[in-house]
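The values are calculated or read from the model by the stated rules, or taken from the named source; none is laboratory data. The structure presented is a predicted model; accordingly, all values stated were derived computationally and were not measured. Positions of Cβ are generated from backbone atoms using ideal geometry, with glycine treated the same way; all protein chains shown enter the neighbour counts. Only protein heavy atoms, including side chains, enter the accessible area calculation; ligands, DNA and RNA are left aside. Shrake-Rupley method; radii C 1.70, N 1.55, O 1.52, S 1.80 Å.
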Amino acid sequence: MLRGRKVVLGVGGSVAAYKSAALARELVRRGCAVRTMLTAAAQHFVTPALFAALTGEAAATALFPVRQGDATPPPTDHVAWAAWAEAAVIAPATADLLGRMAGGLADDLLTTWLLAFPGPVVAAPAMNRHMWSHPAVQRNVARLRADGVRVLQPGFGALAAGEGEGWGRLPDAADVVSALEDVFAAGPPRPRPELPPPCPPLLRERAVVVTAGPTREPIDPVRFISNPSSGRMGYAFAEAARDMGGRVLLVSGPVALPPPAGVDVVSVTTALQMRDAVLAAAPTADLVVFAAAVADSRPAEPSATKLKKGQALEGTLSLVRNPDISAEVGAMGGRRVLVGFAAEAGAGVEEAERKLRAKGLQLVAFNDVREAGAGFGAETNRVVLVDRDGGREEIGPASKRAVAERILARAATLLP
Ligand code: C5P
């Protein structure tokens, strides 16, 4: 399991550091390539030369070049080491080292390297039993575990001279090895998501209203007319507008998405409810994005009780037209910027241009919902953004978030 694996062994400053020499040996015996990093405190107990001799690999201590004539090893390229390693074992993980790791500090080579290393980390604590049970240490351990670090339970037994018995002994090498085997058995770690680049604050302090998701139009208490809108496009708009500095109100039909943080959400079910929420917010809005798939019509007389088979269900369902929310806001006039969608199946971009004028919108994003990777439920979208001057801008295929950002950036240029 461990043959050929590349492991960095991080050694902290504890009496138990001498045991990590045996651990290094055991890892080598099992076929690992082991490079060692020692903290400054570790070097009070053990030396880089010891580990270099045991592993046949460099042992590193310094992040920066040291003064000429100094006997310490040359500086280590922590980024190159991070690319080399497949796993890290921190043994002994002292209270200080755990605290610095939990705090995300990078004040020496080992902690700097750990931040640059995206792979799995096993930490084997060793310390005085009172230190281990200190709330601060336990808080750091909980933090590290939540971050995905495998912090092993220290062993029970005789501690350093004069400390008696207790929890705090460095876990046995066999336990560390088996934790490392588990790590490799679990397969490659999930890559940490790269954070999106920060959005320019183009909507700083602007009031943005976004509609999202489908609406449901009740036939009776257990049946409704709706459509397969997932709400993803609207939620992507809400999050992007928030990240661009906007104060966002999301008027959402029923969807399975969690409410985005930092966004006010009004949950609605029917088109009439969505209309009420939007009309209440629109007068003070700078920008409104109509990303909802509003049901065009609703049953004229929804039944208050569940319809039985053979009742109206098999007859003709009489429908009435829902108000067009975007057109109503368009008719309000004012200088706010209105962005709509034209999700079409077969119609051309001209249909989007027609809707733009008919509804009084500034921008309309046309998409062909029959295309793979566009429209309902998809993760991505491809749209043609039409404007009042006959301009057509192709956006995507790209994530709905990226499409939203681009459309919002265009809308921001139209704000007064
Ligand atoms: O359904 P239609 O293709 O006309 O929708 C185009 C745009 O109008 C979309 O942005 C949609 O959110 C909006 N709309 C609305 N209220 C409706 C119907 C559509 O706001 N009742």
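Descriptive notes on the structure:
- Members of the range 116-135 found to be open to solvent by less than 10 Å² (accessible area, probe 1.4 Å) and in a loop (DSSP other than H, G, I, E, B), listed by number: Phe117, Ala126
- Yes/no for Leu361 being assigned to a loop (DSSP other than H, G, I, E, B), at pLDDT 95 or above and more than 13 Å from the ligand (Cβ to nearest atom): no
- Tallying residues that are open to solvent by 10 Å² or more (accessible area, probe 1.4 Å) and either among the aromatic types (Phe, Trp, Tyr) or under 22 Å from the mean Cα position of the chain (by Cα) (or both) within the range 209-235 yields 5.
- Single residue of Leu249, Leu272, Leu279 found to be in a strand (DSSP E or B) and within 16 Å of the ligand (Cβ to nearest atom): Leu249
- Taken over the range 41-51, the residue count meeting the criterion of being farther than 14 Å from Val8 by Cβ and open to solvent by less than 60 Å² (accessible area, probe 1.4 Å) is 2.
- Residue satisfying condition, being surrounded by fewer than 16 Cβ atoms within 10 Å (Cβ to Cβ) and either of a type outside the set (Lys, Arg) or at pLDDT 95 or above (or both), within set Ala345, Ala374, Ala352: Ala345
- Top-ranked residue of the range 317-337 - restricted to ones that are more than 9 Å from the ligand (Cβ to nearest atom), on the phi < 0 side of the Ramachandran plot and not in a helix (DSSP H, G or I), ranked as least open to solvent (accessible area, probe 1.4 Å): Val337
- Scan of the range 263-283 for residues that are in contact with a Lys or Arg (Cβ under 9 Å, 6 or more places away or on another chain) and in contact (Cβ under 8 Å) with a residue 60 or more places away in the chain, ordered by number: Ala282
- Taking the criterion of being farther than 30 Å from Ala241 by Cβ and either in contact (Cβ under 8 Å) with a residue 60 or more places away in the chain or not in a loop (DSSP other than H, G, I, E, B) (or both), the residues of the range 187-220 that qualify are Pro189, Pro218, Ile219, Asp220.
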